[in-house]
Amino acid sequence: MALSSYDAFLSEKRQVDDLVKKGYIMTASKGTLDGDVVEFENKMTSDKKTIRLTHPDSRKYFTTLYIKQQEQMTE
């Protein structure tokens with residue numbers, strides 16, 4: 001059964017939120033025709049995770065979080 005567009009967004013948003021809650025920070029992203037590939041790293045454990053965001057709203061959400069993260073790191 002295919003996910004609705006909104007369900008797909010929520011699923012991808014949840015993946016991002018879960019990683020951020022676990023202490024991961026976004027270290028890189030690469031836009032592809034199949035979506036944005038986003039790399040995360042946990043600074044405490046050096047563990048790395050990679051996810052692909054395909055929904056446009058997920059990609060916007062990630063971009064907003066990434067900008068906020070960068071602003072916090074420069075303060």
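Odds and ends about this structure:
- Across the range 1-15, the qualifying residues are those that are part of a loop (DSSP other than H, G, I, E, B) and open to solvent by 70 Å² or more (accessible area, probe 1.4 Å), and the one among them that is nearest to residue 73 (Cα to Cα) is 3.
- Pairing residues of the range 30-41 that are more than 15 Å from residue 9 (Cα to Cα) with residues that are open to solvent by less than 40 Å² (accessible area, probe 1.4 Å) and of a type outside the set (A, V, I, L, M, F, W, C), at Cβ distances under 9 Å and at least 6 apart in sequence or on separate chains, gives 30/36; 40/24; 41/24.
The values are calculated or read from the model by the stated rules, or taken from the named source; none is laboratory data. These numbers were taken from a predicted model, which means no experiment stands behind them. Every residue, glycine as well, gets a Cβ built from its backbone with ideal geometry; the counts of neighbours run over all protein chains shown. These area figures cover heavy atoms from the full protein model, side chains too; ligands, DNA and RNA do not enter into them. Shrake-Rupley method; radii C 1.70, N 1.55, O 1.52, S 1.80 Å.
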